[in-house]
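Structure first, commentary second.
The values are calculated or read from the model by the stated rules, or taken from the named source; none is laboratory data. Being a predicted model, the structure only gives us computed values, none of them experimental. When we count neighbours, we look across all protein chains shown, and the Cβ atoms used for this are built from the backbone with ideal geometry, even at glycine.
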């Protein structure tokens with residue numbers, strides 16, 4: 001079955017919007033910090049899923065907390081990569097990662113949908129921001145918002161996201177949200193490579209790839225990404241020059257520093 005993409009103008013990439021998204025991600029990870037005024041927080045202790053609704057004058061923003069390596073329940077959700085149907089009504093929308101769907105389902109819809117509907121009635125827009133595990137769960141929430149409730153997010157920023165579903169689901173997602181989704185990868189971040197493509201997991205949205213020099217590429221060819229990941233470490237690297245911690249590649253702070261460095265005049269580490 002083929003899905004047609006909507007004829008809407010693609011959202012333009014914005015460094016500022018990406019940094020705002022990463023700020024939401026960092027707040028969600030900072031358990032000891034004080035939440036911004038008006039933020040709604042939801043938690044399912046059984047799955048250890050934590051969900052945040054950030055409110056501003058123009059937007060209501062949905063963010064799931066990313067993986068915490070010290071928490072077994074987070075790792076357990078990551079490892080539940082066998083696929084279940086994306087929609088309870090039909091198999092035709094493909095299959096998705098069981099752990100990510102389960103995390104979303106543990107807090108959704110509940111009171112969250114009511115809060116989102118109130119924001120929409122007030123003329124605000126819905127945004128989805130996520131990193132790592134939170135990106136996988138955020139992507140499923142974005143799709144389910146449109147598919148089940150007819151609510152289309154105005155932007156979806158995913159950083160270091162693992163693959164969420166099979167090819168059919170990726171096609172179904174792109175039919176609804178391709179033009180507003182930025183799927184951002186850092187050079188040699190290992191997380192976007194899992195679960196493996198040969199297990200029939202696929203990415204979706206517009207791929208935004210930062211190479212070893214910190215340059216941004218939108219929807220690069222797979223051959224370029226492969227070669228850059230393999231051979232980029234043998235060449236001059238913006239990551240090594242600008243931050244000795246860049247070897248980790250995956251952290252939200254690393255993504256933030258990469259985007260800031262890319263927007264400066266010294267692009268390409270010249």
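Flag set for residue 205, criterion: touching a strand residue (DSSP E or B) at 6+ places or on another chain (Cβ under 6 Å) and in contact (Cβ under 8 Å) with a residue 40 or more places away in the chain.
More than 18 Å from residue 52 (Cα to Cα), surrounded by fewer than 20 Cβ atoms within 10 Å (Cβ to Cβ), in contact with a strand residue (DSSP E or B) (Cβ under 7 Å, 6 or more places away or on another chain) and in contact (Cβ under 8 Å) with a residue 24 or more places away in the chain: is that true of residue 85 in this structure? When the stated conditions are applied, residue 85 does not pass them. Among the residues of the range 139-163, those identified as within 24 Å of residue 218 (Cα to Cα) and part of a helix (DSSP H, G or I) are 139, 140, 141, 142, 143.
Only one of the numbered conditions (1) at pLDDT 95 or above; (2) on the phi > 0 side of the Ramachandran plot; (3) surrounded by fewer than 21 Cβ atoms within 10 Å (Cβ to Cβ) is not met by residue 205, and that is (3). Going by what's in this entry, would residue 247 be described as within 22 Å of the chain's Cα centre (by Cα), on the phi < 0 side of the Ramachandran plot and at pLDDT below 90? Yes, satisfied.
Figure legend. Inter-residue proximity from the range 88-102: first residues on the phi < 0 side of the Ramachandran plot and free of Cβ contacts under 8 Å to residues at least 12 places away in the same chain, second residues part of a helix (DSSP H, G or I) and surrounded by fewer than 19 Cβ atoms within 10 Å (Cβ to Cβ), beta-carbon distance below 6 Å, spacing 6+ or different chains. No pairs are indicated. Taken residue by residue, the range 227-244 has no member that is modelled with pLDDT of 65 or more, within 15 Å of residue 185 (Cα to Cα), buried (at least 19 other Cβ atoms within 10 Å of the Cβ) and in contact with a strand residue (DSSP E or B) (Cβ under 6 Å, 6 or more places away or on another chain).
The residues of the range 137-165 that are in contact with a strand residue (DSSP E or B) (Cβ under 7 Å, 6 or more places away or on another chain) and surrounded by fewer than 19 Cβ atoms within 10 Å (Cβ to Cβ), listed by number, are 151, 154. What are the residues in the range 174-213 that are over 17 Å from residue 229 (Cα atoms) and in a helix (DSSP H, G or I), if any? Scanning the range 174-213 gives 174, 175, 176, 177, 178, 179, 180, 198, 199.
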